[in-house]
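First up is the structure itself, then whatever we jot down about it.
The values are calculated or read from the model by the stated rules, or taken from the named source; none is laboratory data. Quick caveat: nothing in here was measured; it's all calculated off a predicted structure. No Cβ is skipped: glycine too gets one built from the backbone with ideal geometry, and neighbour counts run over all protein chains shown. In case anyone asks, the SASA skips ligands and DNA or RNA and just uses the protein heavy atoms, side chains included. Shrake-Rupley method; radii C 1.70, N 1.55, O 1.52, S 1.80 Å.
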Amino acid sequence: MGPASDEHTAISVGYVSKENFGIAMYFEQPDGSWQGVWTYGGSEKGFERNLDS
């Protein structure tokens, strides 16, 4: 844990609320964009997402 740097190529996020929770994991792609997956508690599938750099 700590500050991100230019050398880091992945980020993971989790959350908890009163009634639910979720997680996400994103990886930097060679073109500088970010691609990852996320899901939430009780879901039977994950979701893909692309983020612009």
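If you roll a 1.4 Å probe over the heavy atoms of the protein chains, what accessible area per residue do you get for region 4-53, in Å²?
Accessible area per residue: 86 Å².
The length gained by stretching the chain between A4 and Q35 to full extension, at 0.36 nm per residue less their Cα-Cα distance, is 9.4 nm. Couplings 3J(HN,Hα) for region 24-33, derived from phi with the Karplus relation 6.51 cos²θ - 1.76 cosθ + 1.60 (θ = phi - 60°), are 9, 9, 10, 10, 6, 8, x, 7, x, 7 Hz, where x marks Gly and Pro.
Taking the DSSP beta bridges with both ends in the chain, the antiparallel portion is around 100 percent.
What is the percent carbon and sulfur in the accessible area of the chain, measuring with a 1.4 Å probe over the protein chains and ignoring ligands? The nonpolar share, carbon plus sulfur, comes to 54 percent. Computed from the C-beta positions of V13 and K45, the FRET efficiency with R₀ = 25 Å rounds to 0.85. About its Cα centre, the dipole of the chain is roughly 300 debye, where the only charges are +1 on Lys and Arg Cβ and -1 on Asp and Glu Cβ.
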